[in-house]
Amino acid sequence: MAAAAEAPLSTRGERIGWYFFDWANSAFSTTVVTVFLARGFHRAGFDTRS
């Protein structure tokens, strides 16, 4: 049986695309959670400012 040529798991361009996607998604979710948690804590009376 002849061995079939195996395709690479991913190309360099695909990996770079996923790196940028992961970076952007992490920045977006961090920003959204920070804003909504800050507003939620402020409304709940957990304001730490003097």
Exercise. Mind listing whichever residues of segment 10-50 are acidic (Asp, Glu) and over 13 Å from the mean Cα position of the chain (by Cα)?
Key: Glu14, Asp47
Practice problem: Report yes if some residue within segment 34-41 is surrounded by fewer than 10 Cβ atoms within 10 Å (Cβ to Cβ) and at pLDDT 80 or above; otherwise report no. | Solution: no
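The values are calculated or read from the model by the stated rules, or taken from the named source; none is laboratory data. None of these values were measured; they are calculated from a predicted model. As a convention, Cβ positions derive from the backbone with ideal geometry for all residues, glycine included, and neighbour counts pool all protein chains shown.
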